[in-house]
1. Determine, from the Cβ-Cβ distance of Gln197 and Asp88 and an R0 of 41 Å, the FRET efficiency 1/(1 + (r/R0)^6), rounded to the nearest 0.05.
2. Roughly speaking, to the nearest percent, how much of the stretch 120-239's 1.4 Å accessible area is carbon and sulfur?
3. Give the Kirkwood hydrodynamic radius (Å, one decimal) of the chain, defined as one over the mean of 1/r across all pairs of different Cα atoms.
4. Taking the chain as the reference, fit the longest principal axis to its C-alpha atoms, fit the long axis of helix 289-307 to the helix C-alpha atoms, and give the angle between the two in degrees, 0 to 90, nearest 10.
5. Leaving out ligands and nucleic acids, note down the accessible area per residue over the stretch 99-280 with a 1.4 angstrom probe, in whole Å².
6. With n ≥ 4 as the cut-off for DSSP H runs, can you work out [θ] at 222 nm for the chain, using -39500 (n - 2.57) per run divided by the number of residues, rounded to the nearest 500?
7. Would you work out which of Ser86, Ala106, Met295 lies farthest towards the positive end of the dipole of the chain, given +1 charges on the beta-carbon of Lys and Arg and -1 on that of Asp and Glu, about the Cα centre?
8. Taking 25 Å as R0, compute the FRET efficiency from the Cβ-Cβ separation of Arg268 and Ser14 and round it to 0.05.
Amino acid sequence: MPNASAKPNIVVDSPLSDSLRRMLSERCELLPWSATEQGTHESVTGIYTFGHPHLDGSMMDHFPELKVISNFGVGVDHINVADAISRDIPVGNTPGVLDGATADMAFALLMAAGRKVVAGDRYARSREFTVYDPGYMLGREIHSQTLGIIGLGRIGYQIARRAIGFDMRVMYHNRHRHENAEQQIGVQYATFDELLQQSDYVVISVPLNDETRGMIDAIALNQMKSTAILINIGRGPLVDTEAITTALQQKRIYAAALDVTDPEPLPRDHPLLALDNVTLTPHLGSATEQTRHRMAELSIENLMCGLTDKALIHEVTP
Ligand code: NAP
């Protein structure tokens, strides 16, 4: 007889943060990913993805009783959602709770790249800084400039609100017009090409899929102003790594600020890492204590709903 009070078995990737492991362990038995990649595991009813492990149908098929996949985060490009749907397995994610933190980070990168915050910090600490010079380290204005947002969704909308507070003109490009945003905060719709040609700052915040992979390639970069700055807060493969490296080496654009790269991390000897006109952060978009806690709560709620045959709070749709 199965023990009615037994905790459900779920597979998790690692390393989980200590607090997340504690929260999950209170409700489930955690099985390591590596131990379940072979054979069939009838006892497993859930998969929890934390650090973007690749998950497709071949992995799902090790678990004939699988009821739910729950992802810590909104981006699910590492999960083959079509494979899950064709097996009737709902996939949960955590939209909404991370918009503010991710928009803050996009704006921090925008300001850091425009105003040379990271290079300034290095210089201020260095032996070379012996005298103030009004002629050094001039950056680019932020207020009064034009920001182009590719992907005015939940995060993009929050980025736009911040930009308007900075007296920026905001353009956006989506596949569909966001008329509410146009009316509520005065953003202007642009075609992809118009946005690239007219923006002083271009932020990309679309999901990664077959349509958006490599969206910012050499052709797109060539359309941007030579004074423009590119910020990638979405996913690394949205930007062609070779093309952005060449554009920055040749100073085709002024600078880039990348929270995400392709591959992630870049090889330690990658030429991009040697450039002064790029600011890099290690995928910190939603990385605040408060937001990560909300993501933990929502992803565990999704997981528990799926394990108890209820509708998920947030289910990914194709
Ligand atoms: P969202 O609400 O779905 O917004 C995505 C926007 O992109 C939508 O407005 C959509 O509008 C637009 N879009 C989709 N495909 C497009 C295309 N082919 N061309 C132009 N626009 C397109 O998603 P979100 O919650 O804002 O999250 C966006 C992405 O940010 C996530 O998928 C994730 O990968 C990334 N993210 C990164 C971090 C980080 O740590 N750096 C943190 C959180 C999220 P239309 O449908 O009208 O085209």
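The values are calculated or read from the model by the stated rules, or taken from the named source; none is laboratory data. Please read these numbers as outputs of a predicted model, since none were measured by experiment. Ideal geometry is used to build each Cβ from the backbone, glycine not excepted, and the neighbour counts take in all protein chains shown. Side chains are part of the model used for accessible areas, which takes the heavy atoms of the whole protein and leaves out ligands, DNA and RNA. Shrake-Rupley method; radii C 1.70, N 1.55, O 1.52, S 1.80 Å.
1. Details: r = 46 Å, r/R0 = 1.12.
Rounded to the nearest 0.05, the efficiency is 0.35.
2. Values: 2970 of 6370 Å².
Whole-percent figure for carbon plus sulfur exposure: 47.
3. Working: mean 1/r = 0.0471 Å⁻¹.
Mean inverse Cα-Cα distance, inverted, gives 21.2 Å.
4. That helix lies at roughly 30 degrees to the long axis.
5. On the way: 9220 Å² over 182 residues.
About 51 Å² of surface per residue is accessible.
6. One gets -9500 deg cm²/dmol as the mean residue ellipticity at 222 nm.
7. Ala106
8. Values: r = 23 Å, r/R0 = 0.92.
It comes out at approximately 0.65.
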